[in-house]
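Chemist: The following block contains the structure, expressed as structure tokens.
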Protein chains: 2
Amino acid sequence: MSHPLDTVFAALADPTRRQILTMLLEDDMAVTDVAQPFDISLAAISKHLLVLSASGLITQEKRGRVKWCKLDPNAMRAASVWMQGFGQFEPIHLDAFERFLDQELNQS
Amino acid sequence: MSHPLDTVFAALADPTRRQILTMLLEDDMAVTDVAQPFDISLAAISKHLLVLSASGLITQEKRGRVKWCKLDPNAMRAASVWMQGFGQFEPIHLDAFERFLDQELNQS
DNA sequence: GGCTTATTCAACCAATCGGTTGACGAAACG
DNA sequence: CGTTTCGTCAACCGATTGGTTGAATAAGCC
């Protein structure tokens with residue numbers, strides 16, 4: 001019975017889990033493949049993935065004997081929105097938007 | 001020897017600490033005043049504030065016998081940038097930017 | 001000087017966390 | 001069929017966490 005943001009931020013607080021998330025950014029992965037770059041046990045990785053899916057940061061789908069892990073952007077978006085709600089700093093991706101803006105302005 | 005994001009996200013994972021941060025959004029506060037809305041001990045609040053300042057989310061300055069707590073946006077910005085670096089979702093404040101964009105495009 | 005207020009320190013506690021190991025279940029291979 | 005591969009489960013471990021209390025420090029007030 002804890003706030004969703006509790007579990008999302010807690011999940012993000014661990015460097016192994018953050019690295020897993022960045023790996024999943026490239027492509028969906030099976031549990032064993034996720035574990036490959038780390039030198040901790042497969043069981044430990046399995047637990048990390050459980051934490052990530054419990055927080056909603058990833059989803060897991062079992063096809064045959066392999067379980068596929070994929071990013072689910074919703075939870076991280078919620079956390080990001082909470083932060084932005086703070087309004088203490090300029091919106092991110094300003095650069096990208098300015099480039100886009102320049103492009104739009106100069107093409108006509 | 002942990003990554004800065006470890007401590008920032010860990011600090012954000014606690015609802016009491018997040019509430020303290022939102023309180024500090026209104027104004028700087030003394031430790032005792034921070035503690036007032038919570039029904040946990042002052043010592044517990046003091047520890048929470050230590051966690052927040054260790055992570056860089058707030059700074060504390062002692063003037064006389066009272067210690068003032070104020071938000072420091074840098075740490076949260078770093079965390080927000082990390083999230084946005086994921087690029088899995090539209091940048092927040094898109095609305096504001098689109099309004100700005102429209103304005104720029106239509107004024108010439 | 002003596003009381004009061006502000007805050008931290010120190011010791012303790014139960015619960016959670018990140019990791020291990022070994023056994024287990026279930027799907028694929030030959 | 002037997003074996004290998006994929007992944008989880010269960011029990012355990014030491015460290016950390018969020019809380020408590022009571023004492024200690026330090027600054028302001030009358």
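FYI, it's all coordinate maths here, none of it is from the lab. Because the structure is a prediction, the values reported are computed rather than measured. Note: ideal-geometry Cβ built from the backbone for every residue, glycine included; neighbour counts use all protein chains shown.
Chemist: Evaluate peptide A:75-83: per residue, the Cβ atoms of other protein chains within 10 Å of its Cβ; return the mean as an integer.
Modeler: 5
Chemist: Would you list, by chain and number, the lysines whose Cα falls below 20 Å from the Cα of B:K67, excluding same-chain residues fewer than 8 positions away?
Modeler: B:K47
Chemist: May I pose another question? Listing B:K67, A:K47, A:K62 from the residue with the fewest other Cβ atoms within 10 Å to the one with the most, what is the order?
Modeler: A:K62, A:K47, B:K67
Chemist: Also, I was wondering about something else. Order by neighbour count: A:W82, A:W68, fewest other Cβ atoms within 10 Å first, most last.
Modeler: By the 10 Å Cβ count, ascending, the order reads A:W68, A:W82.
Chemist: Here's another thing I want to ask about it. Only counting other Cβ atoms within 10 Å, I'd like B:D39, B:D72 sorted with the fewest neighbours first.
Modeler: B:D39, B:D72
Chemist: Using only the Cα atoms of region B:1-80, construct the convex hull and provide its projected area averaged over every direction, in square nanometres to one decimal.
Modeler: So the mean shadow area of the Cα hull is 5.3 nm².
Chemist: Within 10 Å of each Cβ of A:14-27, how many other protein chain Cβ atoms are there on average?
Modeler: 2
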